[in-house]
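My structure is below; once you've seen it, I'll send some questions.
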Amino acid sequence: MNSSASPAANAAEAAHTVEVAGAGEAGRAAASGSADAGFPAGEDQPFPVRRVDTVSLKALAHPLRVQILEMLSRYGAQTACSLGELLNESSGSTSYHLRQLAKHDFVREVEGKGTARERWWERPRGAIQITSPELATSPATEEASRLVTREFEHSRQAVLADFMAHSSESLDAEWLHAALISTANARLTADQLARYTHALEAYGHRLLEDIRSEGEQEGARPVQIHLNAFPILGVPASAGGRGRTSRTVQPENAQPGSPERKVP
């Protein structure tokens, strides 16, 4: 999984990746970034990353194509008809855009499933790097990157807002207690931030792989995991000095939408 309207995504140094699950697994989209979407020298990337080129980026830069990728990431393999129902689009439209995505290897047919009239499509396992210093050198590709990251971010914001607004009436206590909305604030250098995000991303990937190795469990449902770590822009002069680090978390028993509490 995943999708950034963040101003940082427009900078040549910024990178954006969306990590997704393969067929038969609950989809996920997680945004992450580093100078080259890689890890420090000597560290292996914990999951495969596809770095899109100019041609494939332009092919992806269509709102409905990004939404199709999001649905496949979130819910697993789908047909053109089921995607049309999810996105309130005609099956003819989703079928056309699926074929265009397949030309650039963003989606693929599910082997051994479906018929000539009803084809099933899935996302290949791995992550997609949507921005890079190379792509940012061209106004056209930079705008295409903005469109794609904006669409992914809109989707992330919408699913989170839906959870915050309606989870208490839609989920039982077990799911509400398992979910987490957490915000941390700190003063870091770029190097410290890079070490922090790389460590979180690597650990999160390993943990998810361990969980996936347990196989599909009864009662499982699609879950989306977000990771954002970025420098705050427009910092006021009064905040220029060194200050305390604080952490804001949603209380375990709080209802969605209730105030967060700040922990020193």
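The values are calculated or read from the model by the stated rules, or taken from the named source; none is laboratory data. Computed from a predicted model, the values in this text were never measured in an experiment. Reconstructed Cβ throughout: ideal geometry from the backbone, glycine too, with neighbour counts over all protein chains shown. Accessible surface areas use protein heavy atoms only, side chains included; no ligands, DNA or RNA. Shrake-Rupley method; radii C 1.70, N 1.55, O 1.52, S 1.80 Å.
Step by step: first the residues of segment 70-97, then only those that are charged (D, E, K, R) and over 20 Å from the mean Cα position of the chain (by Cα), then the one that is farthest from residue 223 (Cα to Cα). Which residue is that? Break it down stepwise before answering.
Kept after step one, since they are charged (D, E, K, R), are these residues of segment 70-97: 70, 74, 85, 89.
Filter once more, so that each one left must be over 20 Å from the mean Cα position of the chain (by Cα): 85, 89.
On the way: 85: 20, 89: 24 Å.
Only one residue tops the list, namely 89.
Can you name the number of the only condition in (1) open to solvent by 80 Å² or more (accessible area, probe 1.4 Å); (2) over 24 Å from residue 72 (Cα atoms) that residue 197 fails?
The number of the failed condition is (1).
Just wondering, is there one or more residues in segment 59-68 that are of a type in the set (D, E, K, R) and either over 20 Å from the mean Cα position of the chain (by Cα) or open to solvent by 40 Å² or more (accessible area, probe 1.4 Å) (or both)? Write out each step before concluding.
Applying the first criterion (of a type in the set (D, E, K, R)) to segment 59-68 yields 65.
With either over 20 Å from the mean Cα position of the chain (by Cα) or open to solvent by 40 Å² or more (accessible area, probe 1.4 Å) (or both) added as a condition, the list becomes none.
No: segment 59-68 contains no residue that is of a type in the set (D, E, K, R) and either over 20 Å from the mean Cα position of the chain (by Cα) or open to solvent by 40 Å² or more (accessible area, probe 1.4 Å) (or both).
If you don't mind, there's one more thing I want to ask. Could you check how many residues of segment 136-192 are more than 21 Å from the chain's Cα centre (by Cα), open to solvent by less than 80 Å² (accessible area, probe 1.4 Å), within 30 Å of residue 61 (Cβ to Cβ) and polar (S, T, N, Q)?
Residues that pass the stated criteria total 1.
Only residues that are closer than 22 Å to residue 230 by Cβ and among the aliphatic types (A, V, I, L, M): list them for segment 196-207, please.
The answer is 199, 200, 202.
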